[in-house]
Structures are given as C-alpha cells and as structure tokens.
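To start, the structure under review is shown below, and the notes come after it.
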Amino acid sequence: MLENRNFWIAHMVVLIVLYVAGLVLVLQGQTGHLLVKLDIIILVFHFLEIPWAYKVLKPRNPNVLRLCVMTLVFGLVWWVPARRGLFAVS
C-alpha cells in the first residue's frame, strides 16, 4: 500500500479538498470555523516539516523550491513517497 502511488495521490486530493473548503469558508467570512483552524494547523505543521523533508530527500538531490512548495502543501504525504522514488524531487 505504501508503495502504491495512487494511495498517496488519494491523500493529496483529500488535502486539496480540505484547503478549498477552508478557503470557501474564509471567503464567506467564517474565519473562526473549525475547518479553517484545522487548515491553518496543517499548514503550520507542513511548514515545520520542510527542514526534515530536505534532510531526508537530500541524497536524491531535490530542487529546493519544489521541495518547499510540495512539502508546504502536502507535507509527508509528498516527501515520504518521494523518498521511495514514487514522485520526482527535481
């Protein structure tokens, strides 16, 4: 299962849906909604993962901008399979 690219893509889709739903709530003025707070927490944790992801992916010579953006958006749902070679890092 962890070696299945579709498994990870499904998790990425869920994250995108959560972000879009949170954005819709923010645009409607519901900034205190639980989903908006959850999205912010997820993004903060993903931001904190960037150094860890770089350390793990450094042997694969990652493109730093790609690593930062993909880790910020998807977190370990991107860099764990990237470490296994399921996603490009450069």
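With every protein chain left in place, what is the accessible area per residue of the chain in square angstrom, probe 1.4 Å?
I get 64 Å² per residue for this part.
Rank VAL26, PHE45, TRP78 by how far each Cα sits towards the positive end of the charge dipole of the range 1-80 (+1 on Lys, Arg Cβ; -1 on Asp, Glu Cβ) and give me just the farthest.
TRP78
If each residue of separation counts as 0.36 nm, what is the full-extension length gain between ALA21 and CYS68 once their alpha-carbon separation is subtracted?
Using 0.36 nm per residue and subtracting the Cα-Cα distance, I get 14.6 nm.
When Cα extents along the principal axes in Å is calculated directly from the model, which label among (i) 54, 24, 16; (ii) 44, 26, 16; (iii) 52, 33, 23 fits?
Among (i) 54, 24, 16; (ii) 44, 26, 16; (iii) 52, 33, 23, the one calculated here is (ii).
Rolling a 1.4 angstrom probe over the protein chains, ignoring ligands and nucleic acids, what is the accessible area of MET12 in square angstrom, nearest 10?
20
So what's the back-of-envelope 222 nm ellipticity for the chain, counting only DSSP H runs of four-plus at -39500 (n - 2.57) apiece and dividing by all residues, rounded to 500? Don't skip to the answer; put the middle values down first.
Values: 4 runs with 66 residues, N = 90.
Result for the chain, helices only: -24500 deg cm²/dmol.
List the trypsin sites (Lys or Arg not before Pro) in the range 1-89 that DSSP assigns to loop (not H, G, I, E or B) and whose Cβ has at most 16 other Cβ atoms within 10 Å. Which are they?
Taking the range 1-89 and a limit of 16 other Cβ atoms within 10 Å, the loop trypsin sites (Lys or Arg not before Pro) found are ARG84.
Please give the charge dipole size of the chain, origin at the Cα centre, charges +1 on K and R Cβ atoms and -1 on D and E Cβ atoms. Round to the nearest 20 debye.
340
For the chain, calculate the relative contact order in percent as a whole number, restricting contacts to Cα pairs under 8 Å that are 6 or more residues apart.
Reported as a whole number, the value is 31 percent.
I need the helices of the chain that pass two filters: whole DSSP H segments spanning 30 Å or more by Cα along the axis, and mean Kyte-Doolittle score no lower than 1.0.
Qualifying helices, which must be both long enough and hydrophobic enough, are 5-27, 34-57.
The values are calculated or read from the model by the stated rules, or taken from the named source; none is laboratory data. What you are looking at is a predicted structure, and each value in this text was computed from that prediction instead of being measured. Neighbour counts run over all protein chains shown; Cβ positions are idealised from the backbone, glycine included. Only protein heavy atoms, including side chains, enter the accessible area calculation; ligands, DNA and RNA are left aside. Shrake-Rupley method; radii C 1.70, N 1.55, O 1.52, S 1.80 Å.
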